[in-house]
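The values are calculated or read from the model by the stated rules, or taken from the named source; none is laboratory data. As the structure is a prediction and not an experimental result, all values here were calculated from the model. Here the Cβ positions follow ideal geometry from the backbone for every residue, glycine too, while neighbour counts run over all protein chains shown.
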Amino acid sequence: MSWRWALARRVAKLAATDGGGGAQAQRLLPTSSAAAGTGLLGRLHMPLASQIRSKVVGCRGAALVSSRWLHDAQYQVRQDGASRAQEQQDPFELVADELSLLANRLRSMVAAEVPKLASAAEYFFKVGAEGKRFRPTVLLLMASALKFPLSESTEGGVLSILADKLRTRQQNIAEITEMIHVASLLHDDVLDDADTRRGVSSLNLIMGNKLSVLAGDFLLSRACVALAALGNTEVVSLMATAVEHLVTGETMQISTSREQRRSMEYYLQKTYYKTASLISNSCKAVAILAGHTAEVSMLAYEYGRNLGLAFQLIDDVLDFTGTSASLGKGSLSDIRHGIITAPMLYAIEEFPQLQEVVDRGFDNPANIEIALDYLRKSRGIERTKELAREHADRAVKAIESLPDSDDEDVLTSRRALIDITERVITRTK
Amino acid sequence: MCLRLCRAPVVGCRGAALVSSRWLHDAQYQVRQDGASRAQEQQDPFELVADELSLLANRLRSMVAAEVPKLASAAEYFFKVGAEGKRFRPTVLLLMASALKFPLSESTEGGVLSILADKLRTRQQNIAEITEMIHVASLLHDDVLDDADTRRGVSSLNLIMGNKLSVLAGDFLLSRACVALAALGNTEVVSLMATAVEHLVTGETMQISTSREQRRSMEYYLQKTYYKTASLISNSCKAVAILAGHTAEVSMLTYEYGRNLGLAFQLIDDVLDFTGTSASLGKGSLSDIHHGIITAPMLYAIEEFPQLQEIVDRGFDNSANIEIALDYLRKSRGIERTKELAREHADRAVKAIESLPDSDDEDVLTSRRALIDITERVITRTK
């Protein structure tokens, strides 16, 4: 598919202005930000959200903008945390319309011959119980970030139609990912005997374990059928692997030996399986459907993987700290379930005596207090945050390493993906 | 026909044996027409593929090896020797693969076509493995759903290891099956098997959430039976044909064989649940009726005796009610009609095999006879 890139470059060359560096292809994403003050890209003229939204299906002509002009107008996202030159768009807003489209399709997809099962599956797609639709948002943005540029003359032509078709298929990946995710939640709730999920009574509480197991199976099989319909066995393979990882991760969690519970390596592996594998493999699937090279697909994968890991690590921190900066104000649900997460593992490295405390288990709340004390004294929380930052940085780097593009949509989406990593790191709930 | 001769080339094709079909006809043992003693010793169809099945069993074990030992042992639970049941599905699939072999002339032995044939055989074996994984996954989840104590005569996994691990083990097998499916690189096959999985779920759901209305309906019951029992075997038979590159017509014939075989199997299963190994009623395990599952014999009886409907509606927690229902069943032709229906499906399965494209290949003919033999065994079995 590299002919498309060659075409884009030729078009860019032919129309380049003097200010932009002559025959050079416009470089809009600096790969290095060594010099102080060079944050990420931005632009003076921020396209309206509605403008972006209306083009959620189909390609746009390449926008030719001078890179130097963009550099000057850049807002500093990350280096100094200064107030932004421009209002930053909510990345979730960028794809809100498309998400509604997906949600409706998903609902009809899970309609089943047996109404009881359909309502069980629907349970998780209800508005309000949907969470922030995190994964589909990332996947749709990734699809946009990977768009091949088309020249103006092909709008409405064959290439445009193909692009629409591709977009639909990438949307299917988002739907499939969500179905797999919800299926795993349903089974996990059975496994955990959970009472609530996302603030509403868990399905298994209302309808019993049996129907939860079946509903999860149902969603999983629907996902398989939808996957098969894509007609791409590499994609089927990727998503099947993701499902396998979810299972493995959950198993690792419920059958951890004492030995393994101390190991940061084991913990990170389990975290990859449980949290990052699904998003990373589906990002990769989005790239593969578009026909990208193995290198680009790996970059998409790396973004997803690092984003997922960063997300989970901050999740671990928040379980201790909650919305306040102080320790012990979080829900502490991990530790109550005997799940030892990154902050505690770091603390054990600093205070070996904490190991004994952990081994004693946490049925006794007094023991929890002791452990929290050690955690407070240690740098566990800080080091976890640092690790999360590291992964967020790698995610950003992956986006920045994507092949250049002049397309407005592409650039906006890439910025949004980068913005998401920032939100993941700095969120307080 | 020597047993060893058939077993030896379990992988790969043989040169076409040119045997006069008339001679075969004459020497054919009468399987079905008159039940007379056979001219030749009839081969056990399961024996025909026994060696190949061992190969598959070993491959299956390594396929389900997992990073997490606990999960691997959970999955392995069902592949243990002795707990494996009769390996019914893999047997049918391997025989089907042989029954569909394209003839090759002698000159191509060891050549390119022979290698391709080996490759095809391996892929068809993979279908058998995948089918078994899907089947066991559904059993694991069903046992959780049923709170079952035993399965195939051994303590059910969920009893030993808890519901949680059973759910996980089922998920694990399912995902392994998906990965293996994807590796075949044939999206039509992926689609078929994914549909089969979906049907298993739908069938189980139909069973646990039947309304009173639906419980009376023979149509609903047969649909549920197709989903729960026949869909997997029919779709995997079809997958075997598709992998071999057969036409849509031939693929449909294999599908029809599997479908009718599966339905026949379940119908006789329903009968045996009432009759057990004896011919008399009520000696079977009666587990269906104890679980409130109304099967074909009872549905036929209700057609004859509408008053039986009330009794059925009352439910069967009360064992006295069971006795009353059995009484009606005895008076009715429920058992006979179910057997007749099973025979009908078995006949259709045989017809499907007989409609396959002609072949002179010994293996092909033996396998087809074996498939036909299996339908007979399914109908006449007593346990």
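Data table
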item: Residue check, B:LYS339 more than 21 Å from B:VAL250 (Cα to Cα), modelled with pLDDT under 95 and among the basic types (Lys, Arg); result: no
item: Residue list for the stretch B:215-241, restricted to those being surrounded by 23 or more Cβ atoms within 10 Å (Cβ to Cβ) and of a type in the set (A, V, I, L, M); result: B:ALA230, B:LEU232, B:ILE233, B:ALA239, B:VAL240, B:ALA241
item: So A:THR256, is it over 22 Å from the mean Cα position of the chain (by Cα), closer than 22 Å to A:THR384 by Cβ and of a type in the set (Val, Ile, Thr); result: yes
item: Residues located in the stretch B:202-213, provided they are surrounded by fewer than 23 Cβ atoms within 10 Å (Cβ to Cβ) and at the interface with chain A (Cβ under 7 Å from one of its Cβ atoms); result: B:MET206, B:ILE208, B:SER209
item: Every residue from the stretch B:302-320 that is outside any helix (DSSP H, G or I) and either hydrophobic (A, V, I, L, M, F, W, C) or in contact (Cβ under 8 Å) with a residue 24 or more places away in the chain (or both); result: B:PHE305, B:PHE316
item: Selection count, the stretch A:245-284, where residues are outside any helix (DSSP H, G or I) and of a type in the set (Val, Ile, Thr); result: 1
item: Where B:ALA183 falls short, out of the listed (1) within 8 Å of chain A (Cβ to nearest Cβ); (2) of a type outside the set (S, T, N, Q); (3) surrounded by 18 or more Cβ atoms within 10 Å (Cβ to Cβ); result: (3)
item: Some residue of the stretch A:279-300 being farther than 30 Å from A:ASP404 by Cα, buried (at least 24 other Cβ atoms within 10 Å of the Cβ) and among the hydrophobic types (A, V, I, L, M, F, W, C); result: no
item: Subset of the stretch B:349-361 (residues that are surrounded by fewer than 18 Cβ atoms within 10 Å (Cβ to Cβ) and either in a helix (DSSP H, G or I) or among the small types (Gly, Ala, Ser) (or both)); result: B:LYS351, B:GLU354, B:SER355
item: Residues being more than 7 Å from every other protein chain (Cβ to nearest Cβ) and within 20 Å of the chain's Cα centre (by Cα) - total across the stretch A:228-253; result: 7
item: The stretch B:322-355: number of residues that are under 20 Å from B:SER280 (Cβ atoms) and free of Cβ contacts under 8 Å to residues at least 60 places away in the same chain; result: 16
item: Cβ pairs under 9 Å, 6+ apart, first in the stretch B:188-201 and within 8 Å of chain A (Cβ to nearest Cβ) and assigned to a helix (DSSP H, G or I), second of a type in the set (Phe, Trp, Tyr) and buried (at least 24 other Cβ atoms within 10 Å of the Cβ); result: B:GLU198/A:PHE218; B:VAL201/A:PHE218
item: Unique match (being closer than 21 Å to A:ASP316 by Cα and assigned to a loop (DSSP other than H, G, I, E, B)) among A:SER331, A:SER405; result: A:SER331
item: Some residue of the stretch B:261-274 being more than 28 Å from B:SER211 (Cβ to Cβ), in contact with a helix residue (DSSP H, G or I) (Cβ under 7 Å, 6 or more places away or on another chain) and touching a residue at least 24 places away in the same chain (Cβ under 8 Å); result: yes
